[in-house]
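The values are calculated or read from the model by the stated rules, or taken from the named source; none is laboratory data. It should be emphasised that the depicted structure is a prediction, and the values quoted were computed from it without experimental measurement. Heads up, the Cβs are rebuilt from the backbone with ideal geometry, glycines too, and the neighbour counts pull from every protein chain shown. Areas reflect the complete protein model, heavy atoms only, side chains present, ligands, DNA and RNA absent. Shrake-Rupley method; radii C 1.70, N 1.55, O 1.52, S 1.80 Å.
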Amino acid sequence: MASSGPFDPQLIAQALGAARAGRQPFDPLARFGPLGLEAGYAIAARNCDPASAAAFKLGGTTQATRTAFSVSRAYAGPLRADQQLHAGQALPPGLVNPVVEPEILLAFTTPFAPQSGRRSEDELRAALSWVAIGLEVPATPIMGLPKTGVGWLLADCCAAGALVIGERLPPDQLDRLSPARVSLQVGDQSSDGAATRLLDGALGAVADILSVFGDTGWTVAAAVPFATGGLAPALPIANGQTARAEFRAPGIELSISTSLCEEG
């Protein structure tokens, strides 16, 4: 039965953390009821302090995710330092229902304090420190997504599981990466990003989420990367499997991989 008591973001954050640690299914509507955006961000901030986040994973940057969660703006969740990996490293054990999707990552030379209004893409481009390809690994114990609503996705830091980051490239490589044809292979499954694109591009996705952070009051430290949204349909990954994404465009051909080899 859903809780009828006062909203307690710390209590919900602890319940989510316990479900993750115990790899137990978490039925949010049965335990607590529906959750709005503001509440979701408040809970996420207790799971991982945004001011000290190692990275941010963005959602709502493609039409597919906006349709799935019935949103019109980007949303994001913070990741801890222990959730950030280098290309080729194995994923950490204990991930709950992990899936993998390829993304473009951007990091900036300057911090971003909360600001009303939208920063210009020219301002962001001037502050761009490096770009990279990456594999974002959503993993969550929450049952029933997306039906349970985006508020619950936000509460679990947007299902942040891990982020595998490829070689850092100079900022001018963004314009070569952006039109790349992206494919993903996990075991004998594959997906192709031919029909998937970022609605506002990678810089536009960051501009979108920084305007949201102006509302939430979140600060982003310098050099913290943003994973800007899945560029091919996500695929599940199981023990012993390797995920490999390829980015191909004129003059550029990059790949990145990771594996899931859990203990026990």
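Couple of notes before you dig in:
- Restricting attention to the stretch 31-46, the residues being in a loop (DSSP other than H, G, I, E, B) and surrounded by fewer than 17 Cβ atoms within 10 Å (Cβ to Cβ) number 3.
- A single entry from PRO50, PRO28 fulfils the requirement of being within 26 Å of GLY166 (Cβ to Cβ) and open to solvent by less than 20 Å² (accessible area, probe 1.4 Å): PRO50.
- Inclusion of SER255 among residues that are under 19 Å from VAL100 (Cα atoms), at pLDDT 95 or above, in contact with a Leu (Cβ under 9 Å, 6 or more places away or on another chain) and open to solvent by 40 Å² or more (accessible area, probe 1.4 Å) is not warranted.
- When restricted to residues that are over 24 Å from ALA53 (Cβ atoms), part of a loop (DSSP other than H, G, I, E, B) and in contact with a Pro (Cβ under 7 Å, 6 or more places away or on another chain), the stretch 219-262 contains 2.
- Candidate set: the stretch 158-184, residues that are part of a helix (DSSP H, G or I) and either among the charged types (D, E, K, R) or open to solvent by 10 Å² or more (accessible area, probe 1.4 Å) (or both); chosen: the one farthest from PHE26 (Cα to Cα): ASP172
- Criterion (farther than 16 Å from ASN47 by Cβ and surrounded by 18 or more Cβ atoms within 10 Å (Cβ to Cβ)) met by exactly one of ALA90, ALA74: ALA74
- Residue within the stretch 221-238 that is over 15 Å from GLY134 (Cα atoms) and either charged (D, E, K, R) or touching a His at 6+ places or on another chain (Cβ under 6 Å) (or both) present: no
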